[in-house]
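In what follows, a single structure is set out as structure tokens and then discussed.
The values are calculated or read from the model by the stated rules, or taken from the named source; none is laboratory data. Model, not experiment: these values are computed from the prediction. Cβ atoms come from the backbone with ideal geometry, glycine included; neighbour counts cover every protein chain shown. Ligands, DNA and RNA are excluded from the accessible area calculation, which covers all protein heavy atoms including side chains. Shrake-Rupley method; radii C 1.70, N 1.55, O 1.52, S 1.80 Å.
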Amino acid sequence: MTTKLFGEPIPRREDERLVLGQGRYLDDLGRQAVAAAFVRSPHAHARIRDIDVSRALDVEGLIAIYTWEDLPGLVAEPLPLLIPHPALTHGRTAYPLAKEIVRHVGEPIVMVVATDRYVAEDVCGLIDVDYEFLKPVVGLEEAAQGVHLVHEDVPGNLGAHLVQEVPARDGRSVAEALESAPHVLEFRLDIERSASMPLEGRGVYARWDADDRSLRVYSSTQTSTSVRMALAAKLGLPLPQVEVIAPDVGGGFGVKIVHPWPEEILVPWAAITLGREVKWAEDRREHFISSAHERGQVQHIKVGFDEQGRVLALDVDILHDHGAYTPYGIIVPIITATQLLGPYKIGAYRVVFSSIYTNTVQVTPYRGAGRPQGVFAMERTMDRIAAHLGLDRTDVRAANFIGPDEFPYDQGLIFQDGRPLIYDSGDYPESLRMLKELIGWDDFPAMKQAAAEEGRRIGIGVGCYVEGTGVGPYEGGHVQITSDGRVHVSTGLTSQGQGHETVFAQIAATELGVPFEKVSVVTGDTRRFGYAVGTFASRAAVMSGNAIALACRRVREKALKIAADALEADPRDLEITDGVVHVVGAPAAGIPLATVAVLSNPLRYAFDEEAQRATQFAGTADPDKAPLEDEPGLEGKDYYSPIRSTFASGMHAAIVETDPDTAEIRILRYAVVHDCGRLINPMIVEGQIHGGVAQGVGGALYEKMAYDEHGQLLNASFMDFLMPYVTEVPHIETAHLETPSPLNPLGIKGAGEAGVIPVSSVIAGAIEDAEGIPIMRMPISPSDLYDLRRATD
Amino acid sequence: MPDLHEISLIVNGVVREVTVPARRLLSDCLRHDLGLTGTHVGCEHGVCGACTILLDGEPARSCLTLAVTAAGHEITTVEGLAGDDGPSAVQRAFRECHGLQCGFCTPGFLCTATALLRENPAPTDEEVVEGLSGNLCRCTGYQNIVKSVHRAAELLAEES
Ligand code: FES
Ligand code: FES
């Protein structure tokens, strides 16, 4: 394998069209489609007594109005529970359109189809829904008391309860280890809700071909293959008659892995029913109140430790808010519970979580997916231990690290993929050393002192994480070299800005020995590749990257075999350079892959001059052999299915300044050391880190979902939900460490989510250092800090 | 049916006639009536800047503008930034510096940066940050966008 392209910061392929305004996002398609819009519940909890459409019927341009009662068969059934788990004893999912009860503001009740979106929304405004109000259940702790219920048949609002315990190596339980620990601390932590909030909302566009009885659906999704299967099942269509395509997608960050959304079923169903193309593009308010949120947890922590700060026992109790429904199961709290352990080997560990229903938008993974909360718990714990013992915070962490010689390291738990939580590789002490150098950890006390003399308050914080990436079960890749010498690569998973067209082309070009320009990549199009899982959990590069590499190796082998016959050489003496197969050391006497592709497909009929070489009288075939030994065509397919996840890791540090008067919080420096194994394209990995940190800064200082006691989301707009602008994000300094994964052929680990994971814990630690006040709740605004100061005075 | 208005807009140097109801947003008119889907809509309430176009050369939010009020005015969308010889310096710089990921916010940033550099061909870091401070990007963390604008300034200086 040449290393020319793998590892190079090659500019992205996709940008050529995107900077020209030639992207094809969902709402750029289907200009001739009619538009859908939805009447959504303005109430958090209510019974629908009546829906009166009479005022709406005369609107010019109205095509159809549908309520739950109009939906046939499986379309009328609740949406699937995507990831069942034995602990999820009371999983509940919504109906595509509300049946009798609405359980959060924004739940869809009526679908309107009209000639355009303006008219459809006019119609929505004329539909009168009569509600009987039910008591809204808002606030995690109130909900956990179970006085009022979100679902009548879910006592205590308790969807799931899971206890996991790993005894200490000497067999002692958490209770015993806590009992005998020299020091014990107990405290509570809170994290508020935030959300993925991609700049492009969700959207669906469906075309029904009545002649062909086939359905083509475009969806702004992170998993086109799964949407396809769900649609075929719900609509009762043969799978081969349904195609789903994820076009250019304007960001996902987790929210678009949920599927099928109500709209994803209803829009195609309406297209079939009406015999017309139908499209729905979500608006921003809909995205706030009708998609999904994440993060909200209350954590109670009890930790026992020794004089060096080594953790002997850790007991964590988590209340997790999963909103009104659980379509994605309990993946988020499972990840919190398992990834909480980070780079540490601790004594006995017990983690209990209760996943609770509230009358709010459902909770499903958002970049980081439960890890930011777990890391917040663990890293705040490390800081508390250091403060208690008067030790340096990095020394306490180092005392707990898993050593570089201890891999594979089994944490004794079951991870989100249902497999043992075994770390494959890493070098945490080296990572910490690099971070301390990058941020200037050891010089900070002097800097702080100097600042204090000028009347300024500054503080430093640090946070470490380990991230299970590249979860299975599998992904596949298909590679075809055509007789024009072009290489066509496809994989089933989707792209939302990660640069897959570029990095997968880098892998294919490297594996095949062809010029980068010859390779094109298609993702998320079931017409090209039907089997896939999806793009989430930092898995695309690991899963599809390796699958494509394996598929390329098959094609390469086939090419060498065919070329060896033509060149009368031994395939083992051949290599491919710049798209030409030749004997090692003799690049001049070679045969282009384009010709090999021709020869791979014995022809009766020529369609151009090149193709004549493969016809029966051309003299290229051995008359004593059957014309076709293998499959025709120079193509190959393979799958990558890992036995378990691969574990990336990283450490962040920040220096913040807090204003002594206004309590304004400013990040002065932000440093990241990141280890995702071998880098395919360092420029793209850095971009992922920058974007993750920016979302982390949003979650630490600005973003929250402000629900009032009635279950109204008070800040459901970009005006009020404060995402960071360029003015809020600090310059991010990065350094890379590469400990290759032994689990996959390319040695890579995922990088998509990493940046966001430790930010809240790092910023909390830095503010705490600046202020000398414990920071136990994130995000923190200047007024929160101001109140904390007053409460402490 | 609401009253319809026949208007003419000068879009990317071409006169375009279009018939719209008074309430039609300029963003929808460009995207759906004229088929210029490069202009994106991220919020439709004037905060994200994805819909930024140049109205008589000045950045404007097409989601907060009614198409009828743009009648007779010159509009440049992202599709109009490239010249006959290919992508503009700003467009090339964004690609070179990895100033975009999903690309959804990008047309707004490109238009904003184009106007910024026309006013101020050699902006300082603060001036770039200030100039971009009305546009949201959820993917990049902005670092490479700022870098792209500086790079574009360099490219423009080389070209002139
Ligand atoms: S779409 Fe116009 S500012 Fe967001
Ligand atoms: S590149 Fe995705 S929002 Fe900016």
Given the conditions (1) more than 9 Å from ligand 1 (Cβ to nearest atom); (2) open to solvent by 40 Å² or more (accessible area, probe 1.4 Å), and given that B:H45 satisfies all but one, which numbered condition is not satisfied?
(1)
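Just to check your reading of the model, which residue among A:R202, A:R216 is of a type outside the set (S, T, N, Q), open to solvent by less than 20 Å² (accessible area, probe 1.4 Å) and on the phi < 0 side of the Ramachandran plot?
Going through A:R202, A:R216 in turn, the sole match is A:R202.
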Output the number of residues of region B:87-130 satisfying the condition of being within 16 Å of ligand 2 (Cβ to nearest atom) and either part of a loop (DSSP other than H, G, I, E, B) or of a type in the set (G, A, S) (or both).
12
I want to confirm something. Restricting to region A:49-83 and keeping residues that are more than 14 Å from chain B (Cβ to nearest Cβ) and of a type in the set (D, E, K, R), which single residue is nearest to A:A230 (Cα to Cα)?
A:E77
How many of the residues making up region B:52-79 are within 11 Å of chain A (Cβ to nearest Cβ) and either within 9 Å of ligand 1 (Cβ to nearest atom) or crowded, with 23+ Cβ neighbours inside 10 Å (or both)?
4
I'd like to know if region A:753-774 contains one or more residues that are part of a helix (DSSP H, G or I) and more than 21 Å from A:P372 (Cα to Cα).
yes
Among the candidates B:R16, B:R23, B:R95, which residue alone is crowded, with 19+ Cβ neighbours inside 10 Å, at pLDDT 95 or above and of a type in the set (K, R)?
B:R95
Output the residue which, of all residues in region A:480-495 that are open to solvent by 10 Å² or more (accessible area, probe 1.4 Å) and not in a strand (DSSP E or B), is nearest to the other protein chains (Cβ to nearest Cβ).
A:S495
For region A:256-326, which fully contained strands (runs of 3 or more DSSP E) count at least 2 residues that are in contact with a helix residue (DSSP H, G or I) (Cβ under 8 Å, 6 or more places away or on another chain) and either within 14 Å of chain B (Cβ to nearest Cβ) or within 16 Å of ligand 2 (Cβ to nearest atom) (or both)?
A:278-281
In region A:195-212, what count of residues is obtained for those that are farther than 14 Å from A:F721 by Cβ and at the interface with chain B (Cβ under 8 Å from one of its Cβ atoms)?
1
Residue by residue through region A:443-479, note down the ones that are of a type in the set (A, V, I, L, M) and open to solvent by 10 Å² or more (accessible area, probe 1.4 Å).
A:A446, A:M447, A:A450, A:A452
On the basis of being within 13 Å of ligand 1 (Cβ to nearest atom) and free of Cβ contacts under 8 Å to residues at least 24 places away in the same chain, does B:H40 make the cut?
no
Just to be sure before I move on: is A:E733 in a loop (DSSP other than H, G, I, E, B) and more than 8 Å from chain B (Cβ to nearest Cβ) in the structure I sent?
no
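Results for (1) in contact with a strand residue (DSSP E or B) (Cβ under 7 Å, 6 or more places away or on another chain); (2) in a loop (DSSP other than H, G, I, E, B), shown as yes or no for each residue.
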position	(1), (2)
A:V138	yes, yes
A:E142	no, no
A:A160	yes, no
A:D190	yes, no
A:Y205	yes, no
Exactly one of A:Q339, A:Q373 is under 16 Å from the mean Cα position of the chain (by Cα), buried (at least 24 other Cβ atoms within 10 Å of the Cβ), closer than 16 Å to A:F401 by Cα and in contact (Cβ under 8 Å) with a residue 40 or more places away in the chain, and that residue is A:Q339
When you go through (1) within 14 Å of another protein chain (Cβ to nearest Cβ); (2) assigned to a loop (DSSP other than H, G, I, E, B) one by one for A:P623, which number turns out not to apply?
(1)
Tell me the residue from A:F504, A:F516 that is more than 14 Å from every other protein chain (Cβ to nearest Cβ) and within 16 Å of A:V580 (Cβ to Cβ), please.
A:F516
Of the residues in region B:135-150 that are open to solvent by 10 Å² or more (accessible area, probe 1.4 Å) and not in a loop (DSSP other than H, G, I, E, B), the one that is farthest from the other protein chains (Cβ to nearest Cβ) is B:H150
A:G619 is checked against (1) of a type outside the set (A, V, I, L, M); (2) at positive phi; (3) open to solvent by less than 60 Å² (accessible area, probe 1.4 Å) and fails just one. What number does that condition carry?
(3)
Please enumerate the residues belonging to region A:29-71 that are without any contact (Cβ under 8 Å) to a residue 24 or more places away in the chain and not basic (K, R).
A:S54, A:L57, A:D58, A:E69, A:D70
Complete set of residues in region B:131-154 that are touching a Phe, Trp or Tyr at 6+ places or on another chain (Cβ under 6 Å) and within 16 Å of ligand 1 (Cβ to nearest atom):
B:S133, B:N135
Applying the selection to region B:12-28, what residues are under 18 Å from B:T69 (Cβ atoms) and within 12 Å of another protein chain (Cβ to nearest Cβ)?
B:V20, B:P21, B:A22, B:R23, B:R24, B:L25, B:S27, B:D28
Which condition breaks for A:N601 when tested against (1) open to solvent by 30 Å² or more (accessible area, probe 1.4 Å); (2) in a helix (DSSP H, G or I); (3) modelled with pLDDT of 85 or more; (4) polar (S, T, N, Q)?
(2)
Answer yes or no as to whether A:E686 is open to solvent by 30 Å² or more (accessible area, probe 1.4 Å) and either outside the structural domain of A:V656 (by TED's automatic domain parsing) or under 22 Å from the mean Cα position of the chain (by Cα) (or both).
yes
